[in-house]
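Colleague: Mind having a look at this structure? Questions to follow.
The values are calculated or read from the model by the stated rules, or taken from the named source; none is laboratory data. All values reported here derive from a predicted model rather than from experimental measurement. So basically every Cβ, Gly included, is an ideal-geometry build from the backbone, and we count neighbours across all protein chains shown. Areas reflect the complete protein model, heavy atoms only, side chains present, ligands, DNA and RNA absent. Shrake-Rupley method; radii C 1.70, N 1.55, O 1.52, S 1.80 Å.
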4 protein chains.
Amino acid sequence: MIKVGIVGGTGYTGVELLRLLARHPEVEVDAITSRSEAGLGVAELYPNLRGHYDELRFSEPDPERLARCDAVFFATPHGVAHALAGDLLERGTRVIDLSADFRLRDAGVWADWYGQPHGAPGLLEEAVYGLPEVSRDQIRQARLIAVPGCYPTAVQLGFLPLLEAGLIDADHLIADCKSGVTGAGRGAKVPSLLAEASESMKAYGASGHRHLPEIRQGLGDAAGGEVGLTFVPHLTPMIRGIHATLYGRLTGEPGDLQRLFEDRFANEPFVDVMPAGSHPETRSVKGANLCRIAVHRPGNSDTVVVLAVIDNLVKGASGQAIHALNLMFGFDETAGLDAPAMMP
Amino acid sequence: MIKVGIVGGTGYTGVELLRLLARHPEVEVDAITSRSEAGLGVAELYPNLRGHYDELRFSEPDPERLARCDAVFFATPHGVAHALAGDLLERGTRVIDLSADFRLRDAGVWADWYGQPHGAPGLLEEAVYGLPEVSRDQIRQARLIAVPGCYPTAVQLGFLPLLEAGLIDADHLIADCKSGVTGAGRGAKVPSLLAEASESMKAYGASGHRHLPEIRQGLGDAAGGEVGLTFVPHLTPMIRGIHATLYGRLTGEPGDLQRLFEDRFANEPFVDVMPAGSHPETRSVKGANLCRIAVHRPGNSDTVVVLAVIDNLVKGASGQAIHALNLMFGFDETAGLDAPAMMP
Amino acid sequence: MIKVGIVGGTGYTGVELLRLLARHPEVEVDAITSRSEAGLGVAELYPNLRGHYDELRFSEPDPERLARCDAVFFATPHGVAHALAGDLLERGTRVIDLSADFRLRDAGVWADWYGQPHGAPGLLEEAVYGLPEVSRDQIRQARLIAVPGCYPTAVQLGFLPLLEAGLIDADHLIADCKSGVTGAGRGAKVPSLLAEASESMKAYGASGHRHLPEIRQGLGDAAGGEVGLTFVPHLTPMIRGIHATLYGRLTGEPGDLQRLFEDRFANEPFVDVMPAGSHPETRSVKGANLCRIAVHRPGNSDTVVVLAVIDNLVKGASGQAIHALNLMFGFDETAGLDAPAMMP
Amino acid sequence: MIKVGIVGGTGYTGVELLRLLARHPEVEVDAITSRSEAGLGVAELYPNLRGHYDELRFSEPDPERLARCDAVFFATPHGVAHALAGDLLERGTRVIDLSADFRLRDAGVWADWYGQPHGAPGLLEEAVYGLPEVSRDQIRQARLIAVPGCYPTAVQLGFLPLLEAGLIDADHLIADCKSGVTGAGRGAKVPSLLAEASESMKAYGASGHRHLPEIRQGLGDAAGGEVGLTFVPHLTPMIRGIHATLYGRLTGEPGDLQRLFEDRFANEPFVDVMPAGSHPETRSVKGANLCRIAVHRPGNSDTVVVLAVIDNLVKGASGQAIHALNLMFGFDETAGLDAPAMMP
């Protein structure tokens, strides 16, 4: 049994960590911090947790208390982990950061996209990008994990087999992504109101979204060089879920694409390659730490289409963070992550 | 480890049984029947189950195979359990019926509301109405359980404390209930289409709904005599959830209503009396076997208002059925039913 | 052709006024004010209006300009019309206030519910409560209209025939109301987010809601004395629509209730009594200035159930305001209000 | 005033024709046919129409009666217009077909995609594809109009300026389209249930959809030769709306793309080119006969992204059909089509 802390627990990734950890056999949540809600019981903010965590209250961030944890999750806006991670690592507490703070290896690129200097460039070298399907062994040894973003998770898992095999033109990748509204967080903003976002569909950030450099970095690693990517996210009238529709142009005869995907993910507990001809639905992964994928080649043309779905709050955030924790502490990889998705 | 069968597993209560039983430590699903889908893998119909039950296929109903199970759930339209339950009971298999077949003690009333003769009146005497908060001890001894309907569960739990204490006029009870669309089942009907039921609210069955006699029977038991009930269900644009808003007229000074409710359900693992002044949300029980209740007395008038929410597929059907199973077989009451609700 | 102004046009009732007035043959919108959005074109905030009102921009409230209008709509939070209405009336501009400022005849009751002194008690005597089905003639003569609230419109229209005929016990009225989220306005609040309000149902304000005294006042007029009312509003996961389910106890044999309702509203262009046995759907009035009503007497008991639906932004606000305008200026009552509802 | 008939009026395009024609100053609906609902009043099926068309009932298709109409709309499954159009044309009645029967010029291609022989190949030569932005003059002279499909309308309008100007590689076009559920019609099918389609996103027909050849034909005309197109439609949890996200690869420096689009549609009443940098929302065209378009060139790369939104039932079906009627009969182009979209 290890002790964990959660910094910034009032957002959706915070409550989702609590929901999943409630059933984790090896983890006890010792502290959850929130400046704005300090003193409030977690079940007062999230009534779904009544009967679980009845003693747990949001507290002011206390470095001493966090440092007594074996691991600390950051479910915070960018910048917070920059400020606190170094100290925790020095005291021997491992850090799993769900924010964007350590996802980009290049501090200058980070600064460009986030409009402020990188706050902890000295930690970048040891930070491990926590996509287990790519870097499982490094995660096992890591002290500091950058949990991938939600869009980057779906897009990378979908493109990886094709790029690693060198089958598509890496200069012209297209990722058309659709996300539920929890992707925008729990902030009170007019465009996220039910009255505004329901019964509508729209693209956003078509000219550049912060997840773009993260995806480019990961795909570049797979391709062995820079990639050209057009990434258009869309706001979809649903609570959870990301559907990534990926387009690549084949550079030659690709062989058996279905087999390629099945082999690539054969031993992955959290990637499910659907049967040929399938169209995965986001609801089939609702609440579960899973990416379901299907690959199509319409009309036998030179364009390959990959469909990849995740729950943005689970495989796209809190579930993947717990997966990393399981790897880091030698637990069963699926501990706390074995419940089926909820459907309907 | 016991073996269970599921008859009629293609509907929403069937898949919900599978979702919940996937994590039950004492139960193995041995057979699931469906005439229409015989041969199909369960995960082909319900992709959320891929990776669970990979060997399980829908099969033609086979009495021999079902009789080898320790218990059989019926997740069928009315009439089916009438035909099959008796034989299973004779062979020593316990029966947990999620349909309406054994909910009414009076075969004549059943025939009136269902438009056909009761098919197994001889079993009515031993059938136990499976509302654990009322008949836990009888359920423990039972061989045949009638799992309560979804509306009846919410309405009874909300009115019970008041009726048992004799505080309200039992001749004039009002239950205004709102249900998500899964309450109408998985049948392909025009009014259940997203294009018809979304962005709309409507009452239905205002002049009489089949759950009315069941609710009346249960409330009558609590009141110690016949009750007068007006019950108006409404179709609500959401997938899961029932919100029951109950109105009763106080016959005198009631004392501390909050305390009354807390005491009545003090030892109930699946009823959560919210703090005074609360308004429970259906989403706070989504996927969980819980009824959350709040009691109000607006303006200190003589009208008491009870708000009760459940997930119609869990506490209103499959979860409550598993609760009964746990009681019948001496398992921990919360086995398979301990995960928090999913929110958001 | 008359000129109208709109004060506070950035909320949902503001844009709905513009949508409906775009097709009004007798009205030109001359000014629309907003402190926060002054300078912005209306179609920049509301892209549905692109191609209409292309010259119209939000402006700082300018009393001179407003006073040049024939009529001014207030689509503002409470308190604003208190401050500005008197001056406009003095200059000969008629005022149609969609806020709560002039709905209650008693300034003291207003102060109790709104937590501040009434700002224009001297105008209360001439203010006319703008429910045309009750006070058409007074509206025709009025200079200052208090447009009824959304819940009050549905509840009053549903109870009026019964109370006017003295058929039900006026001391024990129950109004169980369900509203879409636009009822809460366009403010950025966490509970109104799609991620929070979708896929859920909850009551709110069960212990007292600001529409309660307004409804009581109107029902009291119909009953000829004080009434006892329990009013429980519910937040429903849809954009528009109110469904009021009303319960009254008959004091004797009521005669033909269907006929009673049909006769009461026989000449009303915006109230539609549905055939006996109907269950009106909110979507059947989406975008239209209509209240559809059905009356039921379940089981021939002593409880009568009325189902009334409106679009909260139209018959519950902006449409009813335009109806008042039509009456005040002698236009055809249905001018600008004759389009069918949009369904699906 | 002309008389029109509607064949097959019980589906969503049928009721939408009635909703829009209710306000058309030059059109009277004389007959509406439905074999399944013959005898039923239209407002009994569609309560939003109560108070409009009170005399109009669905009738058995009667060729004599239809032939007395000036124009007949077909809102039918494919094959029906094949059987009836020729006779009507001979009798002098003009035909506006909303089905796919006359959209493809090549009867063989039609037969391949629809799995049955073309039923009226002799009429293909005179049928005019009813996209006014391309063939306004031919529509004015036409007797038989093939109203474009919903996806084809959005995709063609978005790609036209680029293809006509020869700016993109016509061999590698990508159209990623998202549609609300009314696109699937009013048929009672399990995947269209609210419980199945809500809170989920999925692609379908990724390997080939019936709208593909229609889009290819139209784009080919614009490009002056065959095009290569990958078209992936997605089912989106909303009632109305199509969002087309289009990707093309520039073949050289394109010049001012914003200007190109604005010039192309400068005189089009029903195409709205949004300001540079915009992201059109489907809700901004809900209920209106409009296509709103924005063009982006992310990162100044060689990939151009076009965002185009329509209401699938209006500009994607019934509205566009009425636009054709207006052109054919010399009415104002916007007659019956001038109301703003409804938002929120």
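Colleague: Would you say A:Lys202 is of a type outside the set (S, T, N, Q), open to solvent by 10 Å² or more (accessible area, probe 1.4 Å) and modelled with pLDDT of 95 or more?
Modeller: Here the answer is yes, as A:Lys202 does meet what is asked.
Colleague: How many of the residues in the range C:29-49 are open to solvent by 40 Å² or more (accessible area, probe 1.4 Å) and free of Cβ contacts under 8 Å to residues at least 24 places away in the same chain?
Modeller: Qualifying residue count, the range C:29-49: 4.
Colleague: Please work out which residue is most open to solvent (accessible area, probe 1.4 Å), limiting yourself to the range D:159-195 and to residues that are facing another protein chain (nearest Cβ under 7 Å), under 30 Å from B:Tyr12 (Cβ atoms) and under 19 Å from the mean Cα position of the chain (by Cα).
Modeller: Only one residue fits best here, namely D:Arg186.
Colleague: Next question. Does the range C:4-24 contain any residue that is in a helix (DSSP H, G or I) and surrounded by fewer than 18 Cβ atoms within 10 Å (Cβ to Cβ)? Lay out the reasoning, then the answer.
Modeller: Restricting attention to the range C:4-24, the residues satisfying the condition of being in a helix (DSSP H, G or I) are C:12-21.
Then keep just the ones that are surrounded by fewer than 18 Cβ atoms within 10 Å (Cβ to Cβ); that gives none.
Checking the range C:4-24: not a single residue is in a helix (DSSP H, G or I) and surrounded by fewer than 18 Cβ atoms within 10 Å (Cβ to Cβ).
Colleague: Residues to consider are A:Pro254, A:Pro237; find the one that is surrounded by 24 or more Cβ atoms within 10 Å (Cβ to Cβ) and at pLDDT 95 or above.
Modeller: Within the list A:Pro254, A:Pro237, the selection yields A:Pro237.
Colleague: Taking the condition at pLDDT below 95 and either within 12 Å of another protein chain (Cβ to nearest Cβ) or more than 18 Å from the chain's Cα centre (by Cα) (or both), does B:Pro47 pass?
Modeller: No: the conditions fail for B:Pro47.
Colleague: Need at least 3 residues that are touching a His at 6+ places or on another chain (Cβ under 8 Å) per element, so show me which helices (runs of 4 or more DSSP H) inside the range D:45-153 make the cut, counting only ones lying wholly within it.
Modeller: Here the list reads D:107-114.
Colleague: Taking interchain pairs and intrachain pairs at least six residues apart, which have beta carbon atoms under 9 angstrom, with the first residue in the range A:93-115 and closer than 15 Å to A:Leu212 by Cβ and the second open to solvent by less than 10 Å² (accessible area, probe 1.4 Å) and of a type in the set (Val, Ile, Thr)?
Modeller: Qualifying pairs under 9 Å: A:Arg103/A:Val147.
Colleague: Turning to a different aspect of this structure: Does B:His52 qualify as being within 14 Å of chain A (Cβ to nearest Cβ), out of contact with any helix residue (DSSP H, G or I) (no Cβ under 7 Å at 6 or more places or on another chain) and either on the phi < 0 side of the Ramachandran plot or open to solvent by less than 20 Å² (accessible area, probe 1.4 Å) (or both)?
Modeller: Judged against the criteria, B:His52 is a match.
Colleague: I'm told B:Arg143 meets every condition in (1) open to solvent by less than 70 Å² (accessible area, probe 1.4 Å); (2) of a type outside the set (S, T, N, Q); (3) in contact (Cβ under 8 Å) with a residue 24 or more places away in the chain except one. Can you identify the failing condition by its number?
Modeller: (1) is the only condition that B:Arg143 fails.
Colleague: So, in the range D:207-227, of the ones that are modelled with pLDDT under 95 and of a type in the set (Gly, Ala, Ser), which residue ends up least open to solvent (accessible area, probe 1.4 Å)?
Modeller: Here the residue is D:Gly208.
Colleague: Is it true that C:Ala324 is surrounded by 24 or more Cβ atoms within 10 Å (Cβ to Cβ) and within 14 Å of chain B (Cβ to nearest Cβ)?
Modeller: On the way: surrounded by 24 or more Cβ atoms within 10 Å (Cβ to Cβ): yes; within 14 Å of chain B (Cβ to nearest Cβ): no.
So C:Ala324 does not fit the description; no.
A quick yes/no check of all residues on (1) assigned by TED's automatic domain parsing to the domain that holds D:Leu162; (2) over 18 Å from the mean Cα position of the chain (by Cα); (3) without any contact (Cβ under 8 Å) to a residue 40 or more places away in the chain:
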residue: D:Leu250; (1), (2), (3): yes, yes, no
residue: D:Glu262; (1), (2), (3): yes, yes, yes
residue: D:Asp272; (1), (2), (3): yes, no, yes
residue: D:Lys286; (1), (2), (3): yes, no, no
residue: D:Gly319; (1), (2), (3): no, no, no
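Colleague: Under 8 Å by Cβ, and 6 or more places apart or on different chains, what pairs join a residue from the range C:124-137 that is of a type in the set (Val, Ile, Thr) with one that is open to solvent by less than 40 Å² (accessible area, probe 1.4 Å) and not in a helix (DSSP H, G or I)?
Modeller: C:Val128/C:Ala142; C:Val128/C:Leu144; C:Val128/C:Ile145; C:Val128/C:Ala146
Colleague: Looking at C:Gly11, is it small (Gly, Ala, Ser) and farther than 20 Å from D:Gly287 by Cα?
Modeller: So C:Gly11 passes the test.
Colleague: OK, next. State the number of residues belonging to the range B:327-344 that are touching a Lys or Arg at 6+ places or on another chain (Cβ under 8 Å) and either within 13 Å of B:Leu20 (Cα to Cα) or within 10 Å of another protein chain (Cβ to nearest Cβ) (or both).
Modeller: So the answer is 8.
Colleague: Conditions: (1) farther than 24 Å from D:Leu290 by Cβ; (2) free of Cβ contacts under 8 Å to residues at least 24 places away in the same chain. C:Gly8 meets all but one. Number of the miss?
Modeller: Of everything listed in (1) farther than 24 Å from D:Leu290 by Cβ; (2) free of Cβ contacts under 8 Å to residues at least 24 places away in the same chain, C:Gly8 misses just condition (2).
Colleague: Also, I was wondering about something else. Please verify whether A:Arg292 is under 21 Å from the mean Cα position of the chain (by Cα) and more than 30 Å from D:Pro280 (Cα to Cα), treating the condition exactly as stated.
Modeller: For A:Arg292, the condition - under 21 Å from the mean Cα position of the chain (by Cα) and more than 30 Å from D:Pro280 (Cα to Cα) - is not met.
Colleague: Before we move on, is B:Gly115 open to solvent by 50 Å² or more (accessible area, probe 1.4 Å) and out of contact with any Gly (no Cβ under 8 Å at 6 or more places or on another chain)?
Modeller: On the way: open to solvent by 50 Å² or more (accessible area, probe 1.4 Å): yes; out of contact with any Gly (no Cβ under 8 Å at 6 or more places or on another chain): yes.
For B:Gly115, the condition - open to solvent by 50 Å² or more (accessible area, probe 1.4 Å) and out of contact with any Gly (no Cβ under 8 Å at 6 or more places or on another chain) - is met.
Colleague: Please enumerate the residues belonging to the range D:40-64 that are among the polar types (S, T, N, Q) and within 16 Å of D:Gly8 (Cα to Cα).
Modeller: Listed by number, the list holds a single entry, D:Ser59.
Colleague: Considering D:Gly287, D:Gly316, which residue is buried (at least 24 other Cβ atoms within 10 Å of the Cβ), on the phi > 0 side of the Ramachandran plot and modelled with pLDDT of 95 or more?
Modeller: Exactly one residue qualifies, and that residue is D:Gly287.
Colleague: Follow-up. Could you figure out which of (1) open to solvent by less than 30 Å² (accessible area, probe 1.4 Å); (2) under 19 Å from B:His323 (Cα atoms); (3) out of contact with any helix residue (DSSP H, G or I) (no Cβ under 7 Å at 6 or more places or on another chain) isn't true of B:Gln156?
Modeller: Answer for B:Gln156: the failing condition is (3).
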